[in-house]
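Participant: Pasting a structure here, questions to come.
The values are calculated or read from the model by the stated rules, or taken from the named source; none is laboratory data. Treat the numbers as computed from the prediction; the structure is a model and nothing was measured. Positions of Cβ are backbone-derived with ideal geometry, glycine not excepted, and every protein chain shown enters the neighbour counts. Accessible surface is based on the protein model in full, side chains and every heavy atom, while ligands, DNA and RNA are left aside. Shrake-Rupley method; radii C 1.70, N 1.55, O 1.52, S 1.80 Å.
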Amino acid sequence: MNLLVCWNELLDRDLALIRERTGANVMVCETKEDSWDLVKDAHVIFGFVSPDVLVNAAKCRWLQVPYAGVERILAAEWGNPQMVLTNGKGILGSAIAEHVVGLLLTFNRGIHVARDFQAKRQWSWDVSYPFRELTGAVVGILGFGDIGQQVGKRLEGFGCKVIGFRKRPQGTEKHAHHVYSTDEFDSCLGMLDYLVCALPHTSETDGFLNRHRLRKLPSHAFVVNVGRGSLIPETDLLLALRKGWIGGAALDVTSEEPLPVNSPLWKMENVIITPHNSGRTSFYKERAFQIFFENWEQFQIHGKPTRNVVDPKRGY
């Protein structure tokens with residue numbers, strides 16, 4: 001069994017562990033150029049493989065990537081159309097949830113403003129700022145999968161009323177007062193104090209949070225996007241911020257990345273921007289290996305992995 005590992009940050013001891021746990025013939029690609037030839041003989045691929053080389057992966061039966069968003073993989077041509085794709089859902093949920101809480105607290109307590117004052121060595125608070133608390137707030141979470149439920153879990157401790165939205169509510173979700181279908185999203189917008197967006201990129205989510213929906217939010221509502229930048233058209237977001245339809249926004253993702261230096265978002269006082277790093281965590285490798293080894297065991301027993309299998313039709 002040929003296992004191709006495409007992960008430049010792995011150490012020798014990591015590769016030794018993979019060899020020990022799998023018993024496979026482990027091939028390691030260090031560059032994209034290497035992968036063009038190596039994928040031809042790979043039966044399994046693990047890591048950050050470039051999507052365009054998959055056209056050469058005619059023997060590959062299973063691809064495990066250590067991240068959640070797989071739109072580029074799904075858009076690529078596969079050498080084996082029957083290849084099973086599994087993603088890294090569950091790796092980043094806790095880190096992103098903590099990032100979301102940090103952004104909410106930063107906005108509520110004016111920490112970003114204080115940081116600007118600190119840079120000027122200014123002690124006095126000479127601006128009118130609407131200090132807020134999360135206590136009793138209604139928080140809508142658009143995309144109530146792993147990340148959304150991790151956010152809800154943490155916000156419960158602040159006394160928030162959490163409302164989840166997902167395409168197909170399961171009825172078993174935790175950490176929410178109620179979980180609605182996204183078909184009911186519009187009718188709930190007017191009750192939200194905060195809206196956290198954690199949707200993947202699909203044809204249905206592209207541009208979903210447009211100006212018409214943003215306008216239905218209360219004028220004090222704060223929007224956080226840690227899903228995909230394509231969810232909110234930048235022109236619509238700018239309009240909502242300038243017109244005062246919403247109170248502010250925190251963006252870890254934007255419609256164009258990196259965010260262009262001439263984007264007006266950079267200079268808006270009620271906008272907080274982080275460079276798509278909400279998922280950074282020291283537990284990344286450990287969690288990715290856990291998923292891969294669990295799936296490897298199932299692949300050996302049943303001929304296919306079972307955890308985090310992506311449905312190409314849904315896009316996640």
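Participant: Could you pull out the pairs from LYS167/LYS243; LYS216/LYS313; LYS40/LYS304; LYS89/LYS267 whose alpha carbons sit more than 22 Å apart here?
Facilitator: Result: LYS167/LYS243; LYS216/LYS313; LYS89/LYS267 exceed 22 Å.
Participant: Express the carbon and sulfur contribution to the solvent-accessible surface of the chain as a percent, rounded to the nearest whole number, probe 1.4 angstrom. Write down the numbers at each step before the final one.
Facilitator: Numbers: 7760 of 16050 Å².
Result for the chain: 48 percent of the exposed heavy-atom area is carbon or sulfur.
Participant: To continue, here is another question. Using the Karplus curve 6.51 cos²θ - 1.76 cosθ + 1.60 with θ = phi - 60°, what ³J(HN,Hα) values do you get for each residue of segment 131-144, in whole Hz, with x for Gly and Pro?
Facilitator: Each residue's phi maps through the Karplus curve to give 4, 9, 10, 7, 3, x, 6, 9, 10, x, 10, 8, x, 9 Hz.
Participant: Run the quick spin-label model on SER219 and ASN270: label points 7 Å from Cα toward the beta carbon, then report their separation in nm to one decimal.
Facilitator: 0.9
Participant: With a 1.4 Å probe and every protein chain left in place, work out the accessible area per residue of segment 91-226 in Å², rounded to a whole number. Don't jump to the answer; show the numbers that get you there.
Facilitator: Working: 6760 Å² over 136 residues.
In whole numbers, segment 91-226 has 50 Å² accessible per residue.
Participant: Kirkwood Rh over alpha-carbon pairs of segment 271-316, then Stokes-Einstein at 4 °C and 1.567 mPa s: what D in µm² s⁻¹, rounded to an integer?
Facilitator: Numbers: Rh = 13.1 Å.
Value of D from the Cα-based Kirkwood radius: 99 µm²/s.
Participant: Now a separate question. Helix 284-302: angle to the longest alpha-carbon principal axis of the chain, degrees 0 to 90, nearest 10?
Facilitator: Helix 284-302 and the main axis of the chain meet at about 40 degrees.
Participant: Give me the log10 of I(q) over I(0) for segment 111-170 at q = 0.12, 0.25 Å⁻¹, as the Debye formula computes it from C-alpha points; what are the numbers?
Facilitator: -0.48, -0.94
Participant: Okay, next question. By how many degrees, 0 to 90 and rounded to 10, does the Cα axis of helix 12-22 deviate from the longest principal axis of the chain?
Facilitator: Taking the Cα atoms of the chain, the angle to 12-22 is about 60 degrees.
Participant: Against the 2.2 N^0.38 Å scaling, with N counting residues, where does segment 1-122 land? I'd like the Cα-based Rg ratio to two decimal places. Could the numbers behind the result be given before it?
Facilitator: Values: Rg = 20.1 Å, N = 122, 2.2 N^0.38 = 13.7 Å.
Ratio of Rg to 2.2 N^0.38 Å for segment 1-122: 1.47.
Participant: Taking the Cα atoms of the chain, what is the range of coordinates along each of the three principal axes, in descending order and whole Å?
Facilitator: 64, 47, 34
Participant: What percentage of all Cα-Cα pairs in segment 55-163 are separated by more than 21 Å?
Facilitator: Working: 3362 of 5886 pairs.
Taking all Cα-Cα pairs of segment 55-163, the fraction more than 21 Å apart is 57 percent.
Participant: Grab the other residues whose beta carbon is less than 13 angstrom from that of LEU38, score K and R as +1, D and E as -1, and report the net. List each step's numbers first, then the result.
Facilitator: On the way: positive: LYS32, LYS40, LYS59; negative: GLU30, GLU33, ASP34, ASP37, ASP41.
So the environment of LEU38 carries a net charge of -2.
Participant: Average the reciprocal distances over every distinct pair of alpha-carbons in segment 192-316, invert the result, and give the Kirkwood radius in Å. Walk me through the intermediate numbers first.
Facilitator: Values: mean 1/r = 0.0603 Å⁻¹.
Kirkwood radius, segment 192-316: 16.6 Å.
Participant: For a protection proxy built on the mean count of beta-carbon atoms within 10 angstrom, sort 196-202, 153-159, 92-98 highest first, please. Before the final figure, lay out each step's value.
Facilitator: Values: 196-202: 25.0, 153-159: 15.7, 92-98: 21.6.
Per-residue Cβ counts within 10 Å, averaged per peptide and sorted highest first, yield 196-202, 92-98, 153-159.
Participant: Mind listing the long-range amide H neighbours of VAL223? Cut-off is under 5 Å, sequence gap 5 or more, other chains count too, H placed in the peptide plane at 1.01 Å from N.
Facilitator: For VAL223, whose amide H was placed from the backbone, the distant partners under 5 Å are LEU195, GLY248, ALA249, ALA250.
Participant: A follow-up question, please. Return one number: the angle in degrees, 0 to 90 and rounded to the nearest 10, between the long axis of the Cα atoms of helix 146-156 and the longest principal axis of the Cα atoms of the chain.
Facilitator: 40
Participant: A further question on this structure: Considering the zone a paramagnetic label at LYS243 would reach in this model (a point 7 Å from Cα along the Cα-to-Cβ line), which residues of segment 210-227 have amide N under 11 Å from it?
Facilitator: It comes to 211-217, nothing else.
Participant: So what are the three principal axis dimensions of segment 39-83 from its Cα atoms, in whole Å, longest to shortest?
Facilitator: Rounded to whole Å, the extents work out to 25, 18, 16 Å.
Participant: List the aspartates and glutamates whose Cα lies under 20 Å from the Cα of LYS285, skipping any in the same chain that are fewer than 8 positions away.
Facilitator: Output for LYS285: GLU9, ASP12, ASP14, GLU20, GLU30, GLU98, ASP146, GLU294, GLU297.
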